1. Can you name the number of the only condition in (1) more than 17 Å from the chain's Cα centre (by Cα); (2) at pLDDT 95 or above; (3) over 21 Å from Ile157 (Cβ atoms) that Ala45 fails?
2. Under 7 Å by Cβ, and 6 or more places apart or on different chains, what pairs join a residue from the range 123-144 that is at pLDDT 95 or above with one that is exposed (fewer than 15 other Cβ atoms within 10 Å of the Cβ) and assigned to a helix (DSSP H, G or I)?
3. Restricting the search to the range 121-171, which residues are under 22 Å from Asp30 (Cβ atoms) and either open to solvent by 20 Å² or more (accessible area, probe 1.4 Å) or assigned to a loop (DSSP other than H, G, I, E, B) (or both)?
4. Could you check the range 6-51 and list, in sequence order, the residues that are out of contact with any helix residue (DSSP H, G or I) (no Cβ under 6 Å at 6 or more places or on another chain), part of a loop (DSSP other than H, G, I, E, B) and aliphatic (A, V, I, L, M)?
5. Filter the range 98-113 for residues that are open to solvent by 60 Å² or more (accessible area, probe 1.4 Å), touching a residue at least 24 places away in the same chain (Cβ under 8 Å) and small (Gly, Ala, Ser) and give the result.
6. Which one of these does Leu50 not meet: (1) farther than 15 Å from His136 by Cα; (2) touching a His at 6+ places or on another chain (Cβ under 8 Å)?
7. What's the number of the condition Ser32 fails, among (1) under 24 Å from Ala144 (Cβ atoms); (2) open to solvent by 40 Å² or more (accessible area, probe 1.4 Å)?
Amino acid sequence: EPKAALAPAALVSELRKGGYVLYFRHAATDFSQSDAKSRGPTDCANQRNLTDKGRDEARAIGRAFAELGIPVGQVLASPMCRTDETAKLIFGKAEPAPAVRGDPDFPAADPRRYETLRKLLTALVPAGTNLAISGHGNPFYSVAGPPRLQEGEMAVIKSAGSDFEVVAKVPPRAWRGILAAVRKE
C-alpha cells in the first residue's frame, strides 16, 4: 500500500514529471469466461475478455491521460487479449511482453516466476516519460504483495534501486474525480 495518499493535483503533477512505472491490471472482464481452453495468448475466443464496461473504463482512462497531459513512452502488455486490448484502448499501442505474465517454466508459487516482472518494476524510468504496463492481478500481487489490484486499477511505482515503492493506486472510477479536481485548479 502507498505510504500516504496523494491529492489529485499532486498525483497528476508527479505523473507529468515522469520517472514512474504505471502498472494497470486489465479493465473489467467477463468472469463467466475462462482461459482453460485457450490455445495461446492470441486465442481470444477461448479466454476471459473485456466486457463493454471494461472497454468503456479503458477508453475513459485514455481520455483522462490525454487531457491531463501525462506522458507515456513505452507501453508493455501481457500478450493475453484482455491486457493487450486494455493497453491499446488506453494508450493506442502495446508491445507484447510475456515477462509481464511470468515465466511459465516456474510454478506460480516459485518467486523466480516473476523475476522479469520485478526487473520491469524496478527499472529506472527517465524524467519526462512514464513506462506503462498492462498486466494481470496475480503476477503483480506475487511481486508487490497485498492488497490485490482490482480490474482497471493503476499502481504508480517508483524505482528504489533493487526494489520499488508503490506511490499511489488509482481505481478506474477515480479518474473522473481526478479530472474534476485538476480542472478546478
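1. Looking at each condition in turn, Ala45 falls short on (2).
2. Taking only residues 6 or more apart or on different chains, the pairs are Ala127/Lys17.
3. Correct list: His136, Asn138, Tyr141, Arg148, Leu149, Gln150, Glu151, Gly152, Glu153, Pro171.
4. Passing the criteria: Leu6, Ala7, Ala36.
5. Ala108 - this is the single residue of the range 98-113 that is open to solvent by 60 Å² or more (accessible area, probe 1.4 Å), touching a residue at least 24 places away in the same chain (Cβ under 8 Å) and small (Gly, Ala, Ser).
6. Exception for Leu50: condition (1).
7. The one condition Ser32 does not meet is (1).
Here's the yes/no breakdown for (1) touching a residue at least 12 places away in the same chain (Cβ under 8 Å); (2) among the basic types (Lys, Arg):
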position	(1), (2)
Gly40	no, no
Cys44	yes, no
Gln47	yes, no
Lys53	yes, yes
Arg59	yes, yes
Leu68	yes, no
Pro71	yes, no
Ala77	yes, no
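The values are calculated or read from the model by the stated rules, or taken from the named source; none is laboratory data. Remember, predicted model here, so these are calculated numbers, not experimental data. Backbone-built Cβ (ideal geometry, glycine too); neighbour counts: all protein chains shown. With ligands, DNA and RNA removed, areas are computed over all heavy atoms of the protein, side chains included. Shrake-Rupley method; radii C 1.70, N 1.55, O 1.52, S 1.80 Å.
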